[in-house]
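Just so you know, all these numbers are worked out from the coordinates, no wet-lab data involved. Treat the numbers as computed from the prediction; the structure is a model and nothing was measured.
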Amino acid sequence: MQFNQTMIEEFTLLAKFPRDSKMQGIKLHSDAEPSLLSAAQRLFDKGIIDSPDGGYLTDLGLDLIEHVTVIHSALQS
């Protein structure tokens with residue numbers, strides 16, 4: 001198994017979502033990095049976030065952010 005650049009961009013965007021509350025989301029502005037804008041659209045298309053410019057995590061997104069957090073913590077050392 002190998003992570004490609006597209007996956008890394010999506011992981012990066014997911015990691016920007018607040019993990020403390022389901023009621024907090026993010027908003028990407030039109031002048032954001034093109035890679036983040038593309039990642040947001042892909043995550044929206046997959047049903048992971050509820051808006052193509054960020055928004056909130058869906059139930060699937062909430063599950064995934066837990067895994068992203070674990071991976072980040074394990075690899076951070």
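In order along region 44-61, the Karplus-derived 3J(HN,Hα) couplings, from 6.51 cos²θ - 1.76 cosθ + 1.60 at θ = phi - 60°, round to 5, 4, 8, x, 8, 10, 9, 8, x, 10, x, x, 10, 6, 7, 4, 4, x Hz, and Gly and Pro are given as x. Dividing the Cα radius of gyration of region 5-76 by 2.2 N^0.38 Å, with N the residue count, gives 1.01. Dividing the helix sum by the residues of the chain, where each DSSP H run of 4 or more adds -39500 (n - 2.57), gives a mean residue ellipticity at 222 nm of -17000 deg cm²/dmol.
Phi angles of region 14-20 translate, via the Karplus equation with coefficients 6.51, -1.76, 1.60 and θ = phi - 60°, into HN-Hα couplings of 4, 5, 7, 6, x, 9, 7 Hz per residue; Gly and Pro are given as x. Here's the list of aspartates and glutamates a cross-link from Lys22 could span, going by alpha-carbon distance under 13 Å and ignoring same-chain residues fewer than 8 apart: Asp50, Asp59, Asp63, Glu66.
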